[in-house]
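Let me begin by presenting the structure, written as structure tokens, before commenting on it.
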Amino acid sequence: MMPEYKISIEIQPDSKQVDFIDKQLQDFNVGKIGNYQYTPLFLLLRDLENNVVGGLEGFIGLGWFHIGILWVTEEFRGYGYGKALLLAAEQEAVNRGCLNAYLFTYSFQVPKFSQHLGYEVFGDLEDFPPGHRRYFLKKSLQKTFS
């Protein structure tokens, strides 16, 4: 006999309940793949006056490097600073044991930039957001840094 249940939509869920759900999934995952941990990787680009003019934020886990944010202020674009940030982050990811990298981007965020640096599209979503496309890209870091 199926147990009875009730689904509730929680606009502001109790943090203890959220933590409970997170822990249950983590425990399940650890049971399947062993202990794992994600560690952040953060790089900053500064001008000569030490102002932040760009940066990259990502995390490392399970042998993969995820690039979450790569941004360079408009006046610094087109000079290779984005490429320098990404390559420095990839090298650090390799130093920390990563074999591959992945990222998500939108059609309006120049996905060709990532492709030019060796990332390959492995999936996309049309009209996400409406009128645009979301791309999922990956790259083998072994080829780049071996």
Distance histogram for segment 39-144 (every C-alpha pair counted, 10 angstrom bins, percent rounded to whole numbers):
14, 45, 32, 8, 0
Provide the percentage of antiparallel DSSP beta bridges, counting only those with both residues in segment 39-144; round to the nearest 5.
90
Residue 79 to residue 20: extension gain in nm, 0.36 nm per residue of separation minus the Cα-Cα distance?
16.6 nm
In 5 Å bins starting at 0, how do the alpha-carbon pair distances of segment 45-84 split up by percent?
6, 21, 27, 20, 12, 8, 5, 1
Over 20 Å between C-alpha atoms is what I'm after, so list which of 32/138; 83/112; 83/139; 23/138; 32/143; 83/143 land there.
32/138; 23/138; 32/143
Nearest-20 debye value, the chain charge dipole, Cβ charges on Lys, Arg, Asp, Glu:
500
Additional length obtainable on full extension of the chain from residue 102 to residue 144, 0.36 nm per residue less Cα span
13.7 nm
At 7 Å along Cα-to-Cβ for each site, give me the label-to-label distance between residue 48 and residue 91 in nm.
2.3
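Every number in this text was worked out from the coordinates using simple rules, so none of it is lab data. Since the structure is predicted, the reported quantities are computational estimates derived from the model, not experimental observations. Cβ sites come from the backbone with ideal geometry, for glycine too, and all protein chains shown count toward neighbours.
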